[in-house]
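Take a look at the structure set out below.
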Amino acid sequence: MIYSFKNDYSECAHPRILQALAETNLVQTDGYGEDIYCRKAIELIQEKIKNASADIHFIAGGTLANIVVISSLLKPYESVISAQTGHIHVHEAGAIESIGHKIHTVESEDGKLKPTDIQEVLDVHTDEHMVRPKAVYISNSSEVGSLYSKKELTDLSQFCRANHLYLFLDGARLGSALTSKYSDISLAEIAELVDIFYIGGTKNGALFGEAIVITHPDLKSHFRYYLKQKGALLAKGRVFGIQFLELFKDDLYFQLAQHANEVADKLAQEIQNQHFKFLSLPQTNQIFPILPNHLIEKLQVNYGFYIWKKIDEQHSAIRLVTSWATQEKDIEGFILEMKKVKF
């Protein structure tokens, strides 16, 4: 059987979440996220982000979260700025364009945006004959595994606020970002610096689900209408509440993310010991080693992963993603397979 390093949601869900869902299975609740479990989970997340006035809504997945959030931020003539590697640009089948909004992409070596990148877009779009940039989309961790430092996010936040732009953070892998040994920012600081973001559950041990957190007061009104209109207001919203309550009541969320980072770090160290380089600095549970193509072919016999980028005729960068469920033996098996190949 092939072991997959393709993503961090190949496994179904952490056993504690399945147990909590089973134990509450026959409890009757109100629908559409107005049940006791969702209310408790919301209060717990508000406590974790140190913001009791934040609005929190649960949604099934990251792409849907991006569609709902961006459609709520923008008027029909407004647009969003993203790194060229951004999920909304590359991996969502034109979802944002399909709801009528242009994405301005910025070239970025590390998958992150800087104030100067955004200023370049603003300088070009100056009047009513063009779309009006209004939102900035970032990911932490990014699609190439990089992280925003506290200073970088602070600079970005200050720039966006000075220029009346909404700052939206895609947190599909926020747990991995926050628990990285390279991170110097907290969940509460994220909540303070951005206008709206989401806490990803799907890629960190949940069955499915993300928690959208709205801190900007102008963005809170009637948000549930956007959820309903986009088919995102789940009748059995309790399923979200039960999961996020389990994830945050004793910091299981952070423990799972830290485990994914630790096994990824071990994998990166072992690959480095074999004298291979990386496309980007390994910082989270996504790592991008550059390997000879003949070695990649051998590894694909027993392991699943994506070939991320062609480097030259003989080498390519691959993406390896670890999860809350990745075990030491999975890492050791991959490294052993690498060592079998004679160069």
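The values are calculated or read from the model by the stated rules, or taken from the named source; none is laboratory data. Everything numeric in this text was worked out from a predicted model, so none of it was measured. Positions of Cβ are generated from backbone atoms using ideal geometry, with glycine treated the same way; all protein chains shown enter the neighbour counts. The protein model used for the area step is the full one, side chains on, heavy atoms only, and it has no ligands, DNA or RNA in it. Shrake-Rupley method; radii C 1.70, N 1.55, O 1.52, S 1.80 Å.
Test residue 335 against the stated conditions and say whether it is at negative phi, without any contact (Cβ under 8 Å) to a residue 24 or more places away in the chain and β-branched (Val, Ile, Thr). For residue 335, the condition - at negative phi, without any contact (Cβ under 8 Å) to a residue 24 or more places away in the chain and β-branched (Val, Ile, Thr) - is not met.
If I filter segment 123-178 down to residues being in a loop (DSSP other than H, G, I, E, B) and aliphatic (A, V, I, L, M), which single residue comes out as farthest from residue 86 (Cα to Cα)? Before you say what the answer is, go through the steps one by one.
Initial filter on segment 123-178 (in a loop (DSSP other than H, G, I, E, B)): 125-131, 140-149, 163-165, 171-173.
Keeping just the survivors that are aliphatic (A, V, I, L, M) gives 130-131, 144, 147, 165, 172.
Numbers: 130: 22, 131: 20, 144: 9, 147: 13, 165: 18, 172: 12 Å.
Among residues in segment 123-178 that are in a loop (DSSP other than H, G, I, E, B) and aliphatic (A, V, I, L, M), the one farthest from residue 86 (Cα to Cα) is 130.
Would you be able to say whether some residue in segment 200-210 is modelled with pLDDT of 95 or more and over 21 Å from the mean Cα position of the chain (by Cα)?
no
Taken together, the residues in segment 256-285 that are touching a helix residue (DSSP H, G or I) at 6+ places or on another chain (Cβ under 7 Å), polar (S, T, N, Q) and buried (at least 16 other Cβ atoms within 10 Å of the Cβ) amount to 3. Would you say residue 169 is open to solvent by less than 20 Å² (accessible area, probe 1.4 Å), in contact with a helix residue (DSSP H, G or I) (Cβ under 9 Å, 6 or more places away or on another chain) and either on the phi > 0 side of the Ramachandran plot or at pLDDT 95 or above (or both)? Considered against the rule, which asks whether it is open to solvent by less than 20 Å² (accessible area, probe 1.4 Å), in contact with a helix residue (DSSP H, G or I) (Cβ under 9 Å, 6 or more places away or on another chain) and either on the phi > 0 side of the Ramachandran plot or at pLDDT 95 or above (or both), residue 169 comes out as yes.
Taking residues in segment 64-81 that are among the charged types (D, E, K, R), and partners anywhere that are open to solvent by 10 Å² or more (accessible area, probe 1.4 Å) and not in a helix (DSSP H, G or I), the pairs with Cβ atoms closer than 6 Å and at least 6 places apart or on different chains are 78/132; 78/134.
Can you tell me which residue is nearest to residue 52 (Cα to Cα) among those in segment 200-250 that are open to solvent by 40 Å² or more (accessible area, probe 1.4 Å) and among the small types (Gly, Ala, Ser)? So, considering only residues that are open to solvent by 40 Å² or more (accessible area, probe 1.4 Å) and among the small types (Gly, Ala, Ser), the one nearest to residue 52 (Cα to Cα) is 221. Do we have residue 314 as open to solvent by 80 Å² or more (accessible area, probe 1.4 Å), at pLDDT 95 or above, in contact with a helix residue (DSSP H, G or I) (Cβ under 9 Å, 6 or more places away or on another chain) and not small (Gly, Ala, Ser) here? Yes. Of all the numbered requirements in (1) aliphatic (A, V, I, L, M); (2) surrounded by fewer than 24 Cβ atoms within 10 Å (Cβ to Cβ); (3) under 24 Å from residue 45 (Cα atoms), residue 177 misses one, and that requirement is (2). If only residues of segment 278-314 that are farther than 21 Å from residue 336 by Cβ and basic (Lys, Arg) are counted, the one that is farthest from the chain's Cα centre (by Cα) is 310.
For residue 299, the criteria (1) touching a Lys or Arg at 6+ places or on another chain (Cβ under 8 Å); (2) farther than 30 Å from residue 41 by Cα; (3) not aromatic (Phe, Trp, Tyr) hold in every case but one, which is (1). Sub-6 Å Cβ pairs linking a first residue in segment 299-322 that is assigned to a loop (DSSP other than H, G, I, E, B) to a second residue that is of a type in the set (Lys, Arg), at least 6 apart or interchain, are 305/6, ordered by first then second residue. Annotation note: Cβ proximity below 9 Å between a residue of segment 120-142 that is more than 30 Å from residue 286 (Cβ to Cβ) and a residue that is part of a helix (DSSP H, G or I) (sequence gap 6+ or interchain) occurs for 130/124.
Pairing residues of segment 1-26 that are open to solvent by 80 Å² or more (accessible area, probe 1.4 Å) with residues that are of a type in the set (Gly, Ala, Ser) and modelled with pLDDT of 95 or more, at Cβ distances under 6 Å and at least 6 apart in sequence or on separate chains, gives 2/304. A count restricted to segment 277-290 and to residues that are over 22 Å from residue 10 (Cα atoms) and without any contact (Cβ under 8 Å) to a residue 40 or more places away in the chain stands at 3.
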